[in-house]
């Protein structure tokens, strides 16, 4: 794939923020590649070439600009245009702290390593290792500039178990050592130890409706695990969550910095620096930061009803989930009951079967249980019917046996796996795919809210009618579902007067 030179030329001259992260400009005379919003004087067109990703520019021998910092660019939606298998491979690479061999990656995808190499060469023009190394070097650069973590810790956080190898890869891309970058940094945090957090930043491409996301999460927060601190100004609200990731436990706090078009993530917990990269990727999906809102809006506004809703929701995002297993279990609990009731019952699952640990200020924090911890759970004490309890047990067993693949190749194959389990129908499968797996074309056609929104005011639509109308919304039916729910104006807002009895650390 190659970017359109005419579009890129106009976008970089205008420093158009809508194209930030969609392509990179490489300057032949300086050997540097930049974001389209770089404040430096634009080079002549004859002296530039364009790349869709930072990895491609780095592989071509260009080094990242230290002024506009490609490491801080929003996620590129370009990955969504390549082969589904390549997309899955990239997602698997990003979910792990360490690099996986091409053979390991291919085995997880169910293909040969030779075919995987061919797909990367055909669709990206790079090897999986080149993509991994460039992304990790850019991530390491952001930690060198924005935190005071020791260089050795940053190397480990970026996935390198050898400091020597890290230095070699980093210098090959930036043409300077990590220590040199650290000495040049003027924005590093003064202290990342003790109860003070490690802070990382997640950029997005506007528009971005942070208050709407917080309102959505506020109505569904898991007691003891999650918290939405709304405050007096919705834009200043924060999302908090306890987590366990790759054996490390901690607390994260996410706040919005609208003037800088990014989220500020504060991570508390000893040893959590080692899991910053997979944690960052989870949060990008949780808040849907890599969405191309303009493309989705342009596609969906051809429908009169959705066009009307989009006028008040230009930055619609698909609220994701921290963990697919956790969310699927919550979706099963939510069958045929209200959001509030499902959230209450999910809180009982967490309190009865989850573990507690001590937070950064000595407070007790709760972790949602894993499938392994729920292996022998009978769910008889959480307030569900025997049939629902049996469905939960069957789902947990299927997860442990590998019958449910949360890295499924596509929406159809995941829904087939889910609906093969007794007690799970299309609504649960699609709703789980929509939020738990962030599949943009999932569509729970039998959802009552959707059927009411598509009705004529006197009668609600039928699932068959909803599916027929949604056909023109592909491949963004999940976003259409969100807009239909918004059209009913039933999404609860965070209660600004409600304060936790004990505030978690800033």
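The values are calculated or read from the model by the stated rules, or taken from the named source; none is laboratory data. Keep in mind it's a predicted model, so treat the numbers as computed, not measured. All Cβ positions, even for glycine, are placed from backbone atoms using ideal geometry, and neighbour counts span all protein chains on display.
One residue stands out among those in the range 101-119 that are under 21 Å from residue 160 (Cβ atoms) and free of Cβ contacts under 8 Å to residues at least 24 places away in the same chain: the one that is farthest from the chain's Cα centre (by Cα), which is 103.
Residue by residue, here is whether (1) outside any helix (DSSP H, G or I); (2) in contact with a strand residue (DSSP E or B) (Cβ under 8 Å, 6 or more places away or on another chain); (3) closer than 22 Å to residue 406 by Cα holds:
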residue	(1), (2), (3)
85	no, no, yes
91	no, no, yes
94	no, no, yes
98	yes, no, yes
104	no, no, yes
115	no, no, no
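Of all residue pairs spaced 6 or more apart or on separate chains, those with beta-carbon atoms under 8 Å, a first member in the range 61-73 that is without any contact (Cβ under 8 Å) to a residue 60 or more places away in the chain and a second member that is buried (at least 20 other Cβ atoms within 10 Å of the Cβ) and not in a strand (DSSP E or B) are 65/35; 65/38; 67/38; 68/35; 68/38. Each residue in the range 420-448 was checked for being in contact with a helix residue (DSSP H, G or I) (Cβ under 8 Å, 6 or more places away or on another chain) and farther than 21 Å from residue 468 by Cβ, and 10 pass.
Give the range 462-471 a look and list any residue that's surrounded by fewer than 23 Cβ atoms within 10 Å (Cβ to Cβ) and in a helix (DSSP H, G or I), or say none. Before the answer, list the steps.
First, pick out the residues of the range 462-471 that are surrounded by fewer than 23 Cβ atoms within 10 Å (Cβ to Cβ): 462-465, 467-471.
Hits for the range 462-471 are 463, 464, 465, 467, 468, 469, 470, 471.
Scanning for something over 28 Å from residue 107 (Cα atoms), assigned by TED's automatic domain parsing to the domain that holds residue 223, under 27 Å from the mean Cα position of the chain (by Cα) and not in a helix (DSSP H, G or I), does the range 414-426 turn up at least one residue? Quick ask: steps written out before the conclusion?
First, pick out the residues of the range 414-426 that are over 28 Å from residue 107 (Cα atoms): 422-426.
Cutting the leftovers down to assigned by TED's automatic domain parsing to the domain that holds residue 223 gives us 422-426.
Filter again for under 27 Å from the mean Cα position of the chain (by Cα), leaving 424-426.
Still in the running and not in a helix (DSSP H, G or I): 424-425.
Yes, there is a match, as at least one residue in the range 414-426 is over 28 Å from residue 107 (Cα atoms), assigned by TED's automatic domain parsing to the domain that holds residue 223, under 27 Å from the mean Cα position of the chain (by Cα) and not in a helix (DSSP H, G or I).
Would a scan of the range 182-189 turn up a residue that is out of contact with any helix residue (DSSP H, G or I) (no Cβ under 8 Å at 6 or more places or on another chain) and part of a helix (DSSP H, G or I)? Scanning the range 182-189, I find at least one residue that is out of contact with any helix residue (DSSP H, G or I) (no Cβ under 8 Å at 6 or more places or on another chain) and part of a helix (DSSP H, G or I), so the answer is yes. Among the residues making up the range 40-58, those that are under 28 Å from the mean Cα position of the chain (by Cα) and closer than 24 Å to residue 206 by Cα are 50, 51, 52, 53, 54, 55. On the stretch given as the range 233-256, residues that are in contact with a helix residue (DSSP H, G or I) (Cβ under 7 Å, 6 or more places away or on another chain) and assigned to a helix (DSSP H, G or I) total 2. When 8, 38, 68 are checked against the criterion of being in contact with a strand residue (DSSP E or B) (Cβ under 7 Å, 6 or more places away or on another chain), surrounded by 18 or more Cβ atoms within 10 Å (Cβ to Cβ) and assigned to a loop (DSSP other than H, G, I, E, B), a single residue qualifies: 68.
Which members of the range 263-277 meet the condition of being surrounded by fewer than 18 Cβ atoms within 10 Å (Cβ to Cβ) and either within 15 Å of the chain's Cα centre (by Cα) or outside the structural domain of residue 197 (by TED's automatic domain parsing) (or both)? Listed by number, the list holds a single entry, 264. Per the conditions (1) touching a helix residue (DSSP H, G or I) at 6+ places or on another chain (Cβ under 8 Å); (2) free of Cβ contacts under 8 Å to residues at least 60 places away in the same chain, the sole criterion not satisfied by residue 53 is (2).
Against the conditions (1) surrounded by 20 or more Cβ atoms within 10 Å (Cβ to Cβ); (2) in the same structural domain as residue 310 (by TED's automatic domain parsing), residue 207 satisfies every one except (1).
Return the residues of the range 427-461 that are in a helix (DSSP H, G or I) and free of Cβ contacts under 8 Å to residues at least 60 places away in the same chain; say none if nothing qualifies. Spell out the reasoning first.
Step one: list which residues in the range 427-461 are in a helix (DSSP H, G or I), which gives 427-436, 448-453.
429, 430, 433, 448, 449, 450, 451, 452 - these are the residues of the range 427-461 that are in a helix (DSSP H, G or I) and free of Cβ contacts under 8 Å to residues at least 60 places away in the same chain.
Residues of the range 357-368 that are loosely packed, with under 13 Cβ neighbours inside 10 Å and either over 16 Å from residue 267 (Cα atoms) or not assigned by TED's automatic domain parsing to the domain that holds residue 267 (or both): 364 alone.
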